[in-house]
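Structure first, commentary second.
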Amino acid sequence: MITLPSTYAVIYNPDLTYGTVADNDGNVYKTIKIGTQTWMAENLKTTRYRNGDPIPNVTDNSNWMALTSGAYCWYKNDADTYKSTYGAMYNWYAVADSRNVAPIGWHIPTDAEWTTLATFLGGHDVAGGKLKEIGTTHWLSPNSDATNSSGFTALPGGRYYNEDVFFPLTFYGYWWSSNSSPYDNTQALNRSLYYNKAFIGNNGYLKQFGCSVRCVQD
């Protein structure tokens, strides 16, 4: 039985200098420059769009997969336990909403911007290791090749499906891009990291799924 490591401090790279940015709710995030890009080093937690409109917090699991508009939830619908470490899970409709979930001066990364990040870190086969938080405080062993040399400090926040199905923490992390899938209009592009690989995945997932969000500076 896996004990979910929800309350342990996140391990950032002590050899790097982090900046900060705040969102509409007043949450303050660490930021990190990686190559020519500056990324959030934490998952988004905002509950409001940039214009102040609330993002619906949908906790009725039977309705989640029927949505065609923006929504968010917390892992297991438990903000007290999981918000601080893992941030919120958003469906892709929230990510794509013109009111914008990102703070001013920031945006949801395109698939091409994710590729720029991976390329700077040596390519998709090895970039994941350089993005993941070190050790097994949050990642399941062996957390293959994790160095966090980039400072990105990726965590395995899981994914939300439907009917109270939250993919368990510790295994995988999933982050939206701003791109709808060019192959299937019901899906959007997503990046994933794994406890047992250094690889960064590039996948299409249903737009109703709940995934983490990282923002990149304009």
Check your understanding: What number of residues within the stretch 181-200 are loosely packed, with under 15 Cβ neighbours inside 10 Å and either within 14 Å of the chain's Cα centre (by Cα) or over 21 Å from LEU155 (Cα atoms) (or both)?
Key -> 5
Practice item. State all residues of the stretch 176-204 that are under 18 Å from TRP64 (Cα atoms) and in contact with a Cys (Cβ under 7 Å, 6 or more places away or on another chain); if no residue qualifies, say none. Key: TRP176
Check your understanding: Taking into account only those residues within the stretch 49-65 that are touching a residue at least 40 places away in the same chain (Cβ under 8 Å) and more than 15 Å from PHE166 (Cα to Cα), which is surrounded by the fewest Cβ atoms within 10 Å (Cβ to Cβ)?
Key -> ASN51
Practice item. Might you let me know whether the stretch 163-171 holds any residue that is touching a Leu at 6+ places or on another chain (Cβ under 9 Å), farther than 19 Å from TYR8 by Cβ and surrounded by 16 or more Cβ atoms within 10 Å (Cβ to Cβ)? Key: no
Practice item. State whether one or more residues within the stretch 162-169 are in contact with a helix residue (DSSP H, G or I) (Cβ under 7 Å, 6 or more places away or on another chain) and closer than 28 Å to GLY105 by Cβ. Key: no
Exercise for review: Taking only the stretch 128-146 into account, find how many residues are polar (S, T, N, Q) and within 22 Å of LEU117 (Cβ to Cβ).
Suggested key: 2
Point to revise | Flag for ALA112 being outside any loop (DSSP other than H, G, I, E, B), more than 19 Å from CYS211 (Cα to Cα) and either aliphatic (A, V, I, L, M) or touching a Leu at 6+ places or on another chain (Cβ under 7 Å) (or both) | key: no
Point to revise | Residue list for the stretch 1-16, filter: surrounded by fewer than 10 Cβ atoms within 10 Å (Cβ to Cβ) and modelled with pLDDT of 95 or more | key: PRO14, ASP15
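Being of a type outside the set (S, T, N, Q), assigned to a strand (DSSP E or B) and touching a residue at least 24 places away in the same chain (Cβ under 8 Å) is the filter here; which residues of the stretch 131-184 pass it?
LYS132, ALA154, GLY158, ARG159, TYR160, PHE166, GLY173, TYR174, TRP175, TRP176
In the stretch 170-218, which residues are β-branched (Val, Ile, Thr) and closer than 30 Å to THR137 by Cα?
Result: THR170, ILE200, VAL213, VAL216.
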Point to revise | Failed item in (1) surrounded by 17 or more Cβ atoms within 10 Å (Cβ to Cβ); (2) modelled with pLDDT of 95 or more; (3) within 29 Å of ALA9 (Cα to Cα), with GLY122 passing the rest | key: (1)
Review point. Which one of ASP97, ASP25 is in contact with a Ser or Thr (Cβ under 6 Å, 6 or more places away or on another chain) and either crowded, with 17+ Cβ neighbours inside 10 Å or farther than 25 Å from ILE200 by Cβ (or both)?
Key: ASP25
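Name the residue, out of PRO109, PRO103, that is closer than 21 Å to THR31 by Cα, touching a residue at least 60 places away in the same chain (Cβ under 8 Å) and under 13 Å from the mean Cα position of the chain (by Cα).
PRO109
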**Study point:** Scan of the stretch 177-187 for residues that are in contact with a Leu (Cβ under 8 Å, 6 or more places away or on another chain) and closer than 19 Å to ALA112 by Cβ, ordered by number
**Key:** SER177, ASN179, SER180, SER181, GLN187
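The values are calculated or read from the model by the stated rules, or taken from the named source; none is laboratory data. Quick caveat, the model's predicted, so the values are computed rather than measured. All Cβ positions, even for glycine, are placed from backbone atoms using ideal geometry, and neighbour counts span all protein chains on display.
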